[in-house]
Amino acid sequence: MSIDTTPKMNWWNRLAHPGQFVQWTRPLIWPLVALTALLFAAGLYFAFFNSPADYQMGDTVRIMYVHVPTAWLSQFVYGTMAVSALGTLVWRHPMADVSMKAAAPLGAAFTAMALFTGSLWGRPTWGTFWEWDGRMTSTLILLFIYLGIVALWRAFDDQLKAARIVAIFTLVGAVNVPIIKFSVDWWSTLHQPASVFTADGPRMPGSILTPLFVMFFAFTFLFITLQLVAMHTEVKRRRVMTLERKAARGDAS
Amino acid sequence: MTGFLSVIRRDLRLAFAGGGDVLTLLLFFIIVGAIVPFAVGPDQELLSRIAPGVVWIAAFLSMLLGLDRLFRPDLEDGTLALYRLADLPLSAVIAAKVIVQWLTSALPLIVASPFLAVILTMDLDTFWRTVLSLLLGTPALAAFGAFGAAVTVAIRRGGLLAPILIAPLCVPILIFGIGVIAPLGGPGQGTAAMLFLAALSLMALALTPFAAALAIAWGRSRAPP
Amino acid sequence: MGRGETILARGLALDVAGGSGLLLRGPNGSGKSTLLLTLAGLLAPVEGTVTIEGHDPDDGPALHYCGHRNAVRARITVRQTLDFWAALNGHTGLGADAALERVGLGKTAKLDAGYLSAGQQRRLVLARLLVSRRPLWFLDEPSAALDADGRVLLAELLSAHLAEGGLAVIATHDDIAVSALTTLQLGAAP
């Protein structure tokens, strides 16, 4: 059995080494936190004080500034997970499964937040907390998929083995998500032909678009920051587990 | 091909020799269907309206709950490791198992569905549509189920995890399955649902054995660096 | 080479030629079974490779593995069990009846395999190796549960296999009376 002892230290390989990854990305965390905080401050200011209330929906329209970015993230995070899953399966990149593991609970949280704000918004506008509308239904199913993936991660003792299996499941899920979306849309349009909620939406004045845009970036950067921190935590957790195992063996012998 | 058929023969023999599993599943299907009137009241009109949905839910549940017996006994007695070293590719073994899973857990339900149709006062036309939609949809359920079982076979207590993982992925099957029975947007939509359902089943049958084989092979072996 | 996150052996280089066998010895937990699983390709090595020279991978797997578990299931007869493996791996060796006769299970062919004792199940496993010819045998404690006759049988089968140019790697605590065996001693658990 031979060992390749000539490591190629390009940036890709550096990122592949968990210790190096932590070292390289640690300086990024505080700037990211600051940027996220700044974006949130600006976004919330615009959202609360510098945008008009909707003439129909009143102040409840401001829920949109949380709802729309989280709904976007609910899909974006799944995309991140699917790309990481490819990284695990195809390139066998060790950081890919760390990223996959870190993203799953974040995705579940953002999806839950999107559903929660959606139903808060639905109460005054539709008159009910829950409407079996195509988007809300497929978001709910997406939440179930996220929670299933989190449960799958937790069920394994060996995280390296878990990574590959979760990666396969994530990719099969990624193939399925468009099918689910399509089927749910087909189903909901047949049930309620005259929807209160039109897909193209009303024309949005700039005063609404500005805070929406800022909040959109704020949430995206929030995700990136949390993802990075969660990845660092995961790398450290694995290191602790390895040390503990070594210690246990040392005591035993 | 003889290897493929021999896997089917062995698993069928195992499923019917004891008789236990198939009968239990059938009983579960019928009891789920029969318990609904107690929950919603014995209103015949209401029952006959929701009957197709009840039959589908009962089939959905019984197929998902029987998943653990698909690979776990083979894992425990060492057969699964030998499948990986067989001349027949692992994906073909899994395809054979999907067929057996359909024969032992979907076909008996379809055969028993007239009983539920009678006690839920389904009319004859709806009944035939239900049988058609079950015939078209259950292969996809069996295939997705095999994938779920393969993903969770490496987990010691994976029994309840597989249905949780697979149920969201099976929502389209349920939607189109019901779409075949009760065409909402006119008969044209019923045909569309039927085609979608058949396409889903074909796609699931063609692709999931490979995904399941990957999950089993990688779930047992360690990732090379 | 290792299992889970535990490294069991490092810097292991071994080379087994056709017609010879390798005995793996070592205390419990020293990694005999893990090494066998790794060689059989059921576990990926942590580093390095396992190569089988002179075998075209398109011909299908070249090896028989038999582990602690017998892969024998109740409710199927002994004969059906063997036919199943022959169908799955190719009828390239002895016929099923001849193989059963050879391992001394001829009379039990129509019995439910679940009625077999542990030693008889082990003999059935040996019959599985006979019905499909494969040059590599990886056996994990093949003599466990076998009686004195059974061990003689195992030694005969191994000698015949090696004489035909086959190769065997055997993890065991027992003595196996076969010439052309070298021994690899694995250390205690790290």
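The values are calculated or read from the model by the stated rules, or taken from the named source; none is laboratory data. None of these values were measured; they are calculated from a predicted model. Cβ: placed from backbone, ideal geometry, glycine included. Neighbour counts: every protein chain shown. For accessibility, only protein heavy atoms count, side chains too; no ligands or nucleic acids. Shrake-Rupley method; radii C 1.70, N 1.55, O 1.52, S 1.80 Å.
Some notes on this structure:
- Among the residues of segment A:234-253, just one is of a type in the set (S, T, N, Q) and open to solvent by 70 Å² or more (accessible area, probe 1.4 Å), namely A:Ser253.
- Close contacts from segment A:97-119, counting a first residue that is closer than 19 Å to A:His232 by Cα and open to solvent by 10 Å² or more (accessible area, probe 1.4 Å) and a second that is among the aromatic types (Phe, Trp, Tyr) and part of a helix (DSSP H, G or I), with Cβ to Cβ under 7 Å and a gap of 6+ residues or different chains, come to A:Lys101/A:Trp153; A:Leu106/A:Phe223.
- Of residues in segment B:179-193 being hydrophobic (A, V, I, L, M, F, W, C) and surrounded by fewer than 22 Cβ atoms within 10 Å (Cβ to Cβ), the one modelled with the lowest pLDDT: B:Leu184
- Of all residue pairs spaced 6 or more apart or on separate chains, those with beta-carbon atoms under 6 Å, a first member in segment B:59-82 that is at the interface with chain C (Cβ under 9 Å from one of its Cβ atoms) and a second member that is assigned to a helix (DSSP H, G or I) and among the charged types (D, E, K, R) are B:Leu80/B:Asp74.
- The conditions of being closer than 20 Å to C:Leu158 by Cα, in contact with an Asp or Glu (Cβ under 9 Å, 6 or more places away or on another chain) and crowded, with 20+ Cβ neighbours inside 10 Å are met by C:Gly67.
- C:Asp149 being away from chain B (no Cβ under 14 Å), surrounded by fewer than 21 Cβ atoms within 10 Å (Cβ to Cβ), in contact (Cβ under 8 Å) with a residue 24 or more places away in the chain and among the acidic types (Asp, Glu): yes
- Residue match in segment A:135-142 (condition: away from chain B (no Cβ under 14 Å) and touching a Phe, Trp or Tyr at 6+ places or on another chain (Cβ under 9 Å)): yes
- Residue pairs meeting the criteria (Cβ under 6 Å; at least 6 apart or on separate chains; first in contact (Cβ under 8 Å) with a residue 60 or more places away in the chain, in segment A:24-38; second open to solvent by less than 90 Å² (accessible area, probe 1.4 Å) and hydroxyl-bearing (Ser, Thr, Tyr)): A:Leu32/A:Thr225; A:Val33/A:Thr225; A:Thr36/A:Thr225
- Qualifying residue in segment B:16-34 (condition: open to solvent by less than 20 Å² (accessible area, probe 1.4 Å), closer than 30 Å to C:Leu111 by Cα, in contact (Cβ under 8 Å) with a residue 40 or more places away in the chain and part of a loop (DSSP other than H, G, I, E, B)): no
- Boolean, A:Ala37 is of a type in the set (A, V, I, L, M) and at pLDDT 85 or above: yes
- Residue in segment A:156-164 that is in a helix (DSSP H, G or I) and closer than 24 Å to A:Ala71 by Cα present: no
- On the stretch given as segment C:44-79, residues that are within 14 Å of chain A (Cβ to nearest Cβ) and either of a type in the set (Ser, Thr, Tyr) or touching a strand residue (DSSP E or B) at 6+ places or on another chain (Cβ under 6 Å) (or both) total 3.
- The condition of being more than 14 Å from chain A (Cβ to nearest Cβ), among the hydrophobic types (A, V, I, L, M, F, W, C) and touching a His at 6+ places or on another chain (Cβ under 8 Å) holds for only one of C:Val178, C:Val131, that being C:Val131.
- Residue match in segment B:117-124 (condition: more than 20 Å from A:Val172 (Cα to Cα), open to solvent by less than 20 Å² (accessible area, probe 1.4 Å) and not in a helix (DSSP H, G or I)): yes
- Hits in segment C:97-125 (condition: surrounded by 17 or more Cβ atoms within 10 Å (Cβ to Cβ) and within 14 Å of chain B (Cβ to nearest Cβ)): C:Ala113, C:Leu116, C:Gln121, C:Arg122, C:Leu124, C:Val125
- The residues in segment B:144-162 that are assigned to a loop (DSSP other than H, G, I, E, B), at the interface with another protein chain (Cβ under 9 Å from one of its Cβ atoms) and open to solvent by less than 20 Å² (accessible area, probe 1.4 Å) can be counted, and the count is 2.
- A:Arg123 being over 25 Å from A:Gln227 (Cβ atoms), open to solvent by 50 Å² or more (accessible area, probe 1.4 Å) and part of a helix (DSSP H, G or I): yes
- One residue stands out in segment C:119-142 among those that are under 10 Å from the mean Cα position of the chain (by Cα) and outside any helix (DSSP H, G or I): the one that is nearest to C:Thr38 (Cα to Cα), namely C:Phe138.
- Enumeration of residues in segment A:144-166 that are in contact with a helix residue (DSSP H, G or I) (Cβ under 7 Å, 6 or more places away or on another chain), of a type outside the set (Phe, Trp, Tyr) and more than 9 Å from every other protein chain (Cβ to nearest Cβ): A:Val150
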